[in-house]
Every structure is written in structure tokens, then in C-alpha cells.
């Protein structure tokens, strides 16, 4: 008797749950698929899922070619941007063991940025080469000249003289508001053989740090799992609207092929340095004039009895540099700590425009990413434990 009642309760519960789970889906789908003239009352729902024989094009999300919404966006991005992506072939003359001259070829990617024939690519693609050739698919091939380079950010600008009809500039987007998880699309020439190849993925992480061709760090890097291989360097990384959000620059891979960890220099960096590259051929870096400084650590602060445990203890400043002309002082004396000679008595830099400075790399990144030549900044310093501020006008870093 008890078993029969338990079975009856289970059947009743299954019926209730089944109706509850199906009803919202049915009503929402009816509202989408039926028109006011053909809709039936809610009391007599007539919807049934489409059978395999029904044409999927009837669903609004599927077009006549069977493509869904996302596929249509990817196709549109490729059709609009692919003509702007070029293949770059380089040639370098090397000497072998017997001092014979041997030509070596390299390959990379790039993309057109204006109607004047300027092309963006990576600096490492054209570093040290003697001949550069740009291919616009099967339509044309032309030699290119280097207009400007920025090794620190691994960026170079080339220029070609071709029929303007071949030039289809990209749209530069924005990278400051990117979010992890949004779609990322790469177009390039993997291995220098498969022209205008498209791969898709997502933004896997933001604000990564990689090492540039000049062995200095590049910050703010975009990480993506869109497949990037050798030969993709210099190609565009795009959002789902086809706007450039970065330039593909490096991969992390034990095998040298895509392992799902690719990196791109953000487009905001490109937009910041591009005017100088086009005008001067290099990026004019803002400069304070600090030649040498110690990163203050709790251990160093305790040993020297410093008034702060964070900041830069200034040791040496360049003569007639902006920071020296502002009256800031470097080391005044030296003392032995353990087996090391330490220079002390200099001013301590603790902030730039209110932003804390904990290390030399902190200061370099602040200047690199937020300021331009001729900007005026406010430095907060300590001298003999007393805080003070000075204003300094940034000048171009000597080359």
C-alpha cells in the first residue's frame, strides 16, 4: 500500500515538473515564430519543435545560406578586412662558415592603415633586413620602404607605391575597454604560405607583459587563444565588428606552432606612437632624466633608516635634464652596508601626478603609457624626511 502511494506521488511530481519546464520555452518561442493574425490563444498552445525536415532558414537567426548570426558577423569581418591584410617577405644577406654570401628569407603579415600606402607590421618582421616586399594576394606585389620603427613596442610602419584601388584601410578601434571573454579574430599569413587566413577565439587575458625585440618589456599586452603561428606576426587582431584591437606579435609555444597562447600589442599603443612614426620615423619618448636610482624595499629602508618603505632613492641624474633643472638632488654621500657600497642622501621620488612609484619599471611604464613629450607632471618627493613637490616639463629622451 505504501509503495503504491509513493509511486503515485512520484508520477504527479513528474507531471508538474514537466509542465513547468516546458511552458516558458513554448510561450517564448510562440511569440517569436507566430504573427498576430495566426497566433492562437494561450489556452490552446499549438507550438511543436521543428522537425529535421523543416527548413532552418525559417528561424530568424539563420539566413538563407544556413549561417547563424555569429557566422554572418565573422564572414562580414573577413570580407571587409581581408583585403587590407598583406603578406610581407623579407630578404637578408648572411655569410656562411666559408664567408659565402647566402640570402635568407623571412615572412610576416601587415595591414593597410591609409590611402597613402602605409602599412603597420611588427618591428621584428623587418629588423635588420635589406629588402622588403609586400604582396596584396594575387593582385599585386610591390617593394616597401621603412617609414618608422619603435623597437620597444615591436611596431614598424612601411610604405608602398601601388594602385590606390588596392588600398583598403582598416578601422582602428579601441583597447582600453576590452573584456576577457569577448571574441577575437586574427587574419594573417601563417608560415608565409597560407595567405589571409582567418582564425577565431576569445580574449583570454589582458595586461600581460612580454619581452620586446630590444629586450625591454612591453606592457598592456592582449592574450588570445585565436590560432597564431609563425608568419602571423604583424597581422591585425580584430573585434567582432572588424575593428583593429591589436597587432599580433608573439606566441608562447614549446613547439613553435600555436598552443592557444598568443599575444598582441594593443591598438591604443599603436595610435599613441603612430603620429611620431609617420612624422619623425621614431617615437619621441617622454623623459625625466634619471640616470640611476634604487628601488626602495623594506629591507633597504630599514638599513638606511629611510622615512618610507616604497619609492625611488635617486642616485644620479643627467646634467641639465628636466628633473635636475627642477632642483631635485641625487646622492650626496655613500656608506657601506655589509659588503656593498650604497649611495645615499638623494631625494626620494614617491609619486608622479599622485600615482605611486614603487620601482624604476613603474616609472617607465607610467611615462610610456600615459604621457607625451611637452607634458608637465608633478613629482612628489621626500628630502631628509620632508615632503615637497616640483613640476617638470617632459622632453624627448636622447637617442
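The values are calculated or read from the model by the stated rules, or taken from the named source; none is laboratory data. Note that this is a predicted model, so its numbers are computed, not measured. Because the Cβ atoms are built from the backbone with ideal geometry, glycine has one as well, and the counts that use them run over all protein chains shown.
Scan (1) at positive phi; (2) exposed (fewer than 13 other Cβ atoms within 10 Å of the Cβ) for the single condition residue 311 breaks and write down its number.
Unmet condition: (2).
Return the residue satisfying two criteria in turn: it lies in region 117-139 and is part of a loop (DSSP other than H, G, I, E, B) and surrounded by 14 or more Cβ atoms within 10 Å (Cβ to Cβ), and of such residues it is nearest to the chain's Cα centre (by Cα).
In this case the residue turns out to be 122.
Taking residue 176, is it in contact with a strand residue (DSSP E or B) (Cβ under 9 Å, 6 or more places away or on another chain) and closer than 27 Å to residue 241 by Cβ?
Yes.
Output the number of the condition that residue 107 fails; it satisfies all remaining conditions of (1) within 29 Å of residue 240 (Cα to Cα); (2) at pLDDT 95 or above; (3) part of a strand (DSSP E or B).
Residue 107 satisfies all of (1) within 29 Å of residue 240 (Cα to Cα); (2) at pLDDT 95 or above; (3) part of a strand (DSSP E or B) except (2).
Which residue, of 270, 313, is in contact (Cβ under 8 Å) with a residue 12 or more places away in the chain, within 21 Å of residue 397 (Cβ to Cβ) and not assigned by TED's automatic domain parsing to the domain that holds residue 145?
270
Look at residue 365 and say whether it is at pLDDT below 95, touching a strand residue (DSSP E or B) at 6+ places or on another chain (Cβ under 6 Å), within 26 Å of residue 150 (Cα to Cα) and surrounded by fewer than 18 Cβ atoms within 10 Å (Cβ to Cβ).
Judged against the criteria, residue 365 is a match.
Looking only at region 149-177, count every residue that is surrounded by fewer than 20 Cβ atoms within 10 Å (Cβ to Cβ) and either without any contact (Cβ under 8 Å) to a residue 12 or more places away in the chain or closer than 15 Å to residue 262 by Cβ (or both) and tell me the total.
2
Name the residues in region 213-232 that are more than 13 Å from the chain's Cα centre (by Cα) and under 22 Å from residue 156 (Cα atoms), would you?
213, 214, 215, 216, 217, 228, 229, 230, 231, 232 - these are the residues of region 213-232 that are more than 13 Å from the chain's Cα centre (by Cα) and under 22 Å from residue 156 (Cα atoms).
Please go through region 375-394 and give me each residue that is surrounded by fewer than 17 Cβ atoms within 10 Å (Cβ to Cβ) and either free of Cβ contacts under 8 Å to residues at least 60 places away in the same chain or in contact with a helix residue (DSSP H, G or I) (Cβ under 7 Å, 6 or more places away or on another chain) (or both), ordered by number.
376, 378, 383, 384, 386, 387, 388, 389, 393
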